[in-house]
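Following: one structure in structure tokens, then a few remarks.
The values are calculated or read from the model by the stated rules, or taken from the named source; none is laboratory data. Remember, it's a predicted structure, so these values are computed and weren't measured experimentally. Using ideal geometry, Cβ is built from the backbone for each residue, glycine included, and neighbour counts are taken over all protein chains shown. Ligands, DNA and RNA are excluded from the accessible area calculation, which covers all protein heavy atoms including side chains. Shrake-Rupley method; radii C 1.70, N 1.55, O 1.52, S 1.80 Å.
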Amino acid sequence: IEAYERFQEGRHLLASANPRAAVVALERARDLEPEQASIREALARAYYGTLQLRAAEVEFEKLLELDAVNDYAHFGLGLCRLRAGDPATARGHLRLAVVMRPDRTEYHEALARAKTAGWA
């Protein structure tokens, strides 16, 4: 129950634009339930929101280990790699996200940014 409460608290903080506080709650939830994909995704988003890009990448990578067809994990990894100055790797993840969920406009927009950041 504690992990679920921390997860809910973290999601609420993330939704209210307080990613720093969300990280604290979500790290606690992750420590209690390390194999829970929903916690890993929320924590990755919180890390990204606080510009802890390497930590976000680790969580998105773990999320893909838990759920290999998670389009949002590929999207998140793509954004992290794009911010880290690695548009080639970013494009690979963003292309996968677009293929998995062609209806997501933000995926297409991120892929377009990655293409303009280097060789397409």
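Yes/no matrix, rows are residues, columns are (1) open to solvent by 10 Å² or more (accessible area, probe 1.4 Å); (2) basic (Lys, Arg); (3) modelled with pLDDT of 95 or more; (4) more than 14 Å from the chain's Cα centre (by Cα):
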{"position": "Arg11", "(1), (2), (3), (4)": "yes, yes, yes, no"}
{"position": "Val24", "(1), (2), (3), (4)": "yes, no, yes, yes"}
{"position": "Pro34", "(1), (2), (3), (4)": "yes, no, yes, yes"}
{"position": "Ser38", "(1), (2), (3), (4)": "yes, no, yes, no"}
{"position": "Ala55", "(1), (2), (3), (4)": "yes, no, yes, no"}
{"position": "Leu82", "(1), (2), (3), (4)": "yes, no, yes, no"}
{"position": "Gly85", "(1), (2), (3), (4)": "yes, no, no, yes"}
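On the stretch given as region 90-113, residues that are under 19 Å from Leu53 (Cα atoms) and open to solvent by less than 60 Å² (accessible area, probe 1.4 Å) total 9. If you check Tyr4 against the conditions, is it of a type outside the set (Asp, Glu), within 20 Å of Gly76 (Cβ to Cβ) and open to solvent by 30 Å² or more (accessible area, probe 1.4 Å)? Judged against the criteria, Tyr4 is not a match. Every test in (1) without any contact (Cβ under 8 Å) to a residue 24 or more places away in the chain; (2) more than 25 Å from His12 (Cα to Cα); (3) in a helix (DSSP H, G or I) is passed by Ala90 save one, and that test is (1).
In region 13-40, the residues that are at positive phi form no Cβ pair under 9 Å with any partner that is in a loop (DSSP other than H, G, I, E, B) and modelled with pLDDT under 95, whether six or more places apart or across chains.
Restricting region 24-73 to residues that are not in a helix (DSSP H, G or I) and not aliphatic (A, V, I, L, M), the residue that is farthest from Gly85 (Cα to Cα) is Glu33.
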